[in-house]
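Written out below as structure tokens is the structure these notes cover.
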Amino acid sequence: MAKRAGAPPTIIDVAKQAGVSIKTVSRVLNKEATVHPDTRALVLEVVSQLNYRPQLSARSLAGAKSFLIGLLYYEPSASFVAGVQRGATQRCREADYHLVVESLQSGGADLKSQIDHMLAALRPDGMILTPPICDNPDVLATLRATNTPCVLLSPAGEGHGMARVLMDDVRASEELTNLMISLGHTRIAFIRGAAEQSASDRRQAGFERAMRAHKLAIDPALVCQGRFTFESGVEAAHHLLSRSVPPTAVFASNDDMALGVLAAAQRLGIAVPHDVAIVGFDDSRAATLVWPELTTVRQPLAEMAMAAVDMLLAGAAKPGEVAPVRVLPHEVVVRGSTAAPAKGRA
């Protein structure tokens with residue numbers, strides 16, 4: 001049958017021009033190690049010349065794979081999901097996979113039904129779960145029951161026996177608190193994140209550990225419950241900064257809340273960092289779009305997502321096997337929102 005004019009190149013065209021079999025082309029595209037390096041180079045050159053793109057459906061039928069990796073989230077910090085999605089997308093592209101991002105409705109339909117529908121429709125080769133969904137027992141039970149390989153990002157505790165990628169939130173918070181103490185602050189407020197997210201507890205634990213290590217009192221009146229949102233940071237700031245003896249420094253559990261504290265302070269005519277120092281957590285893009293720029297912890301979100309994709313592609317996240325763990329390094333980034341307290345206000 002004659003090829004239709006203008007039709008995209010096929011695997012047959014690649015095989016003919018390279019002078020090899022269709023099976024050899026398939027092996028090269030699937031990155032099998034059995035192909036001779038010279039043959040691999042020739043086939044890839046022809047693929048590039050013809051601008052050949054394998055059809056996802058054909059690859060799926062041939063290899064019993066979907067070449068899809070799912071990323072699940074609900075009620076996240078926008079900056080958190082953006083960082084994770086950026087890293088996961090990059091690594092998937094490098095491996096000729098596609099990333100499918102799904103936002104679950106925590107307050108709507110049953111989570112199990114949402115998961116079942118997504119798995120049936122997409123048949124992903126693996127899933128990446130972000131907080132707080134990575135700690136949801138119903139979601140995890142559903143994925144276990146379908147033998148879906150999963151990697152959890154920053155889960156609570158031991159990660160429910162599943163593969164996980166994380167950073168040391170406790171240690172990072174301790175280092176950030178030590179920074180403020182080293183500047184001379186002793187009356188430090190802390191704003192927790194969303195109650196259902198385990199990161200809130202870990203970051204508070206690091207804060208308290210540093211305070212106790214320096215024999216500094218932790219005033220319960222200076223510990224506020226937030227929701228990892230800008231608005232909750234504003235609310236907490238008004239409560240803290242309107243006190244008769246306000247704190248000289250505020251540690252917000254993520255950048256969104258820290259930015260809310262910064263905005264509230266500016267509205268109240270409180271100078272940052274002269275009257276109050278402010279620190280956040282995540283090192284989101286917005287941390288450098290405000291003035292003064294925000295001192296924070298750089299959480300390696302993109303790198304964590306890349307590591308999760310690598311685990312899935314390597315087959316290291318299969319249910320029933322020993323669950324691998326990757327702990328990635330963090331960095332305390334010092335910017336203009338922190339300084340020593342005004343004289344006589346430590």
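What the table shows:
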quantity	calculated
Residue within segment 327-340 that is open to solvent by 30 Å² or more (accessible area, probe 1.4 Å) and of a type in the set (S, T, N, Q) present	no
Any pair with Cβ under 8 angstrom, 6 or more apart, that starts in segment 318-333 at a residue that is modelled with pLDDT of 90 or more and ends at one that is among the basic types (Lys, Arg) and not in a loop (DSSP other than H, G, I, E, B)	325/164; 326/164; 330/171; 330/298; 331/298; 332/298; 333/298
Criterion violated by residue 207 - all others in (1) on the phi > 0 side of the Ramachandran plot; (2) free of Cβ contacts under 8 Å to residues at least 60 places away in the same chain satisfied	(1)
Residues of segment 233-289 classified as touching an Asp or Glu at 6+ places or on another chain (Cβ under 6 Å) and of a type in the set (S, T, N, Q), total	2
Scan of segment 113-137 for residues that are closer than 26 Å to residue 198 by Cα and surrounded by fewer than 14 Cβ atoms within 10 Å (Cβ to Cβ), ordered by number	113, 137
Identity of the residue in segment 160-209, crowded, with 21+ Cβ neighbours inside 10 Å, of a type in the set (A, V, I, L, M, F, W, C) and in a helix (DSSP H, G or I), that ends up modelled with the lowest pLDDT	199
All positions within segment 31-63 that are at pLDDT below 85, open to solvent by 70 Å² or more (accessible area, probe 1.4 Å) and closer than 28 Å to residue 311 by Cβ	31, 32, 33, 34, 53, 55, 57, 61, 62
Residue in segment 142-156 that is part of a helix (DSSP H, G or I) and either open to solvent by 60 Å² or more (accessible area, probe 1.4 Å) or under 26 Å from residue 233 (Cα atoms) (or both) present	yes
Filtered residues of segment 245-261 (kept if open to solvent by 10 Å² or more (accessible area, probe 1.4 Å) and farther than 13 Å from residue 281 by Cα)	245, 246
Within segment 300-317, considering residues that are in contact (Cβ under 8 Å) with a residue 12 or more places away in the chain and assigned to a loop (DSSP other than H, G, I, E, B), the one nearest to residue 287 (Cα to Cα)	300
Residue within segment 229-242 that is within 22 Å of the chain's Cα centre (by Cα) and within 23 Å of residue 136 (Cα to Cα) present	yes
Options 66, 106, 26; residue that is hydroxyl-bearing (Ser, Thr, Tyr), farther than 30 Å from residue 284 by Cα, at pLDDT below 80 and assigned to a loop (DSSP other than H, G, I, E, B)	66
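The values are calculated or read from the model by the stated rules, or taken from the named source; none is laboratory data. Everything numeric in this text was worked out from a predicted model, so none of it was measured. Virtual Cβ from ideal backbone geometry, glycine too; neighbours counted across all protein chains shown. When the accessible area is computed, the model is the full protein with side chains, heavy atoms only, and any ligands, DNA or RNA have been set aside. Shrake-Rupley method; radii C 1.70, N 1.55, O 1.52, S 1.80 Å.
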